[in-house]
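A.B. asks: Here it is: the structure, laid out below.
The values are calculated or read from the model by the stated rules, or taken from the named source; none is laboratory data. This structure is a prediction, so every number in the text was calculated from the model and none was measured. Here the Cβ positions follow ideal geometry from the backbone for every residue, glycine too, while neighbour counts run over all protein chains shown. Protein only, heavy atoms only, side chains kept; ligands, DNA and RNA dropped before computing areas. Shrake-Rupley method; radii C 1.70, N 1.55, O 1.52, S 1.80 Å.
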Amino acid sequence: MNDWQSWAAIAIFAGTYTVIIGEWVHRVAAALAGAGLMLAIRATDDSSAFYSERSGVDWNVVFLLLGMMMIVGVLKKTGMFEYLAIWAVKRARARPFRVMVMLILITAVASAVLDNVTTVLLIAPVTLLVCERLGLPVVPFLIAEVFASNIGGTATLVGDPPNIIIASRAGLTFNDFLVHLAPLSAVLTVVLIGLSRFLFRRSFVYDEKRAEEVMALEEREAIRDPRLLIQGLAVLAVVVAGFVLHPVLHYEPSVVALLGAGLLVAVSAAETSDALSEVEWPTLAFFAGLFIMVGGLIETGVISDVSQALADAIGGHELGGSMMLLWASAVFSGIVDNIPYVATMAPITSDLVRNVAGGGDHVLWWALALGADLGGNATPIGASANVVVLGIAERNRTPIGFWEFTRYGLVVTAVTVGLSAVWIWLRYFVLA
């Protein structure tokens, strides 16, 4: 890492990140400017930026988001989210903390079955309506759901995109993730509920008048287009089945989502322009810029040098290596999106598994998965779900600031990763 391009790439990334943290310009403008500078200094080129699987824009993520945003856009016109909002509030007796607990549990469970990005796309509109009805600040509820989506997504192979990368590289199955990570994910979800009671305690203001108004509502009256609702839910069910059957069908989630969006627009009375109007285009542009910037760090060897230094530090100590990999992954996943981070670390972890454990132990892979998935909660750009929710919040005129998110994210990340370290130590080195 001695050439000028490497140092220039570091400077561009650090400068862009500083601008995003300081909120001096819009994060989309900062990310696109950073991407442009990476291309200008030739830290990466058009071929690497747009066509490389290793260091380019992850089109699977972009088109997965595009397809699911279109499906959600059609479902919004049916009144389904209003129905779910009223139903959830009534089941929680309109008590703010109970509402948050319900939304956290729904998000965590759904994120284990779907991917976490799809889950927050579906849950965020419900949350906006719930908070509007009860006169509650929406930001704490959205932030809690992001945390729940990343924790719940840790449980399964399809729950979080980094898990798919890890499973492919390590030869792990859906059941492997269920056995090794799902129990911990369930425990961490309960811990998150306890943390939320403390972190967001000032937001749980009960408005008796608003609560009575919501409790008097009939949720079925919220459905405006039953026919479109049935069509939308049928297509969504097919899309979810496609996600779950990925190991059998071998269709990427992005392909499934785009096919589902196209099918729904084709068979329903929904207008294509209406579906596209609900797409969070700034969010997609931010992802593209972020991927290109991280790609510049990959192409110039910055990330591989950092990763190799980590590998050298681990040496032949499996316990120490697991702890270092867990915490380092949590830190780096908070700085860069965890998808390109895991894509870069996967081959290095594979070498570590062969050199440290002789290829027969998966504890290093679980450390990488937990660090990347849970570390994504640290900052607004640590995971795809975070960026999506920030885009939805901004579009609905309730923007979430970088530090507003991070001050909670750092606490949740420190606690959940700390508990994960204890889990790894007990399960794989004490009780093994």
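A.B. asks: Is it true that some residue in the stretch 375-390 is buried (at least 23 other Cβ atoms within 10 Å of the Cβ), farther than 23 Å from SER185 by Cα and not aromatic (Phe, Trp, Tyr)?
C.D. replies: Yes: one or more hits.
A.B. asks: Right, another one. If I ask for residues that are within 20 Å of ILE400 (Cβ to Cβ) and open to solvent by less than 40 Å² (accessible area, probe 1.4 Å), which ones from the stretch 1-18 would you list?
C.D. replies: THR16, TYR17
A.B. asks: I'd like the residue in the stretch 21-61 that is part of a loop (DSSP other than H, G, I, E, B) and of a type in the set (Val, Ile, Thr) and, out of all such residues, is most open to solvent (accessible area, probe 1.4 Å).
C.D. replies: Top of the filtered list is VAL25.
A.B. asks: Please tell me if THR118 is more than 15 Å from ILE193 (Cβ to Cβ), polar (S, T, N, Q) and surrounded by 24 or more Cβ atoms within 10 Å (Cβ to Cβ).
C.D. replies: yes
A.B. asks: Is at least one residue of the stretch 316-323 at pLDDT 80 or above and under 30 Å from PRO125 (Cα atoms)?
C.D. replies: no
A.B. asks: When both residues are 6+ apart or on different chains and their Cβ atoms are under 7 Å apart, which pairs have a first residue that lies in the stretch 208-234 and is free of Cβ contacts under 8 Å to residues at least 40 places away in the same chain, and a second that is among the aromatic types (Phe, Trp, Tyr) and open to solvent by less than 60 Å² (accessible area, probe 1.4 Å)?
C.D. replies: Pairs that qualify, where the first residue is free of Cβ contacts under 8 Å to residues at least 40 places away in the same chain and the partner is among the aromatic types (Phe, Trp, Tyr) and open to solvent by less than 60 Å² (accessible area, probe 1.4 Å): there are none.
A.B. asks: In the stretch 170-193, which residue that is in a helix (DSSP H, G or I) and open to solvent by 60 Å² or more (accessible area, probe 1.4 Å) is modelled with the lowest pLDDT?
C.D. replies: By that ranking, first place goes to PHE174.
A.B. asks: Restrict the check to the stretch 267-280 and report whether at least one residue is closer than 24 Å to ALA33 by Cα, open to solvent by less than 20 Å² (accessible area, probe 1.4 Å), of a type outside the set (S, T, N, Q) and over 24 Å from the mean Cα position of the chain (by Cα).
C.D. replies: no
A.B. asks: Moving on to the next point. So which pairs qualify, if the first residue must be in the stretch 272-294 and without any contact (Cβ under 8 Å) to a residue 60 or more places away in the chain and more than 16 Å from ASN338 (Cβ to Cβ), the second must be assigned to a helix (DSSP H, G or I) and of a type in the set (A, V, I, L, M, F, W, C), the Cβ gap must be under 9 Å, and the two must be at least 6 apart or on different chains?
C.D. replies: Close Cβ pairs satisfying both conditions: THR272/MET70; THR272/VAL265.
A.B. asks: Continuing with this model, one more query. Tell me whether the stretch 303-326 contains one or more residues that are under 19 Å from LEU39 (Cα atoms), open to solvent by 10 Å² or more (accessible area, probe 1.4 Å) and in contact (Cβ under 8 Å) with a residue 12 or more places away in the chain.
C.D. replies: Yes, the conditions are met somewhere in the stretch 303-326.
A.B. asks: For ALA85, all conditions in the list (1) surrounded by 24 or more Cβ atoms within 10 Å (Cβ to Cβ); (2) of a type in the set (A, V, I, L, M); (3) under 13 Å from the mean Cα position of the chain (by Cα) hold save one; what is the number of the exception?
C.D. replies: So ALA85 meets the others, but not (3).
A.B. asks: Also, quick follow-up: Among the residues of the stretch 194-203, are any under 20 Å from ARG91 (Cα atoms), modelled with pLDDT of 85 or more and buried (at least 24 other Cβ atoms within 10 Å of the Cβ)?
C.D. replies: So far as the stretch 194-203 goes, yes, one or more of its residues are under 20 Å from ARG91 (Cα atoms), modelled with pLDDT of 85 or more and buried (at least 24 other Cβ atoms within 10 Å of the Cβ).
A.B. asks: State which residue pairs qualify: first residue more than 11 Å from ALA144 (Cβ to Cβ) and inside the stretch 91-102, second residue open to solvent by 60 Å² or more (accessible area, probe 1.4 Å) and among the basic types (Lys, Arg) in any location, beta carbons under 6 Å apart, and separation of 6 or more residues or different chains.
C.D. replies: ALA92/ARG98
A.B. asks: Taking the stretch 244-254, which residues are touching a residue at least 40 places away in the same chain (Cβ under 8 Å) and either in a helix (DSSP H, G or I) or more than 22 Å from the chain's Cα centre (by Cα) (or both)?
C.D. replies: Selection gives VAL244, HIS246, PRO247, PRO253, SER254.
A.B. asks: Which residues, counting only those in the stretch 391-401, are open to solvent by 10 Å² or more (accessible area, probe 1.4 Å) and hydrophobic (A, V, I, L, M, F, W, C)?
C.D. replies: ILE392, ILE400
A.B. asks: Yes or no: THR379 of a type in the set (Val, Ile, Thr), under 24 Å from PHE198 (Cβ atoms) and within 14 Å of the chain's Cα centre (by Cα)?
C.D. replies: yes
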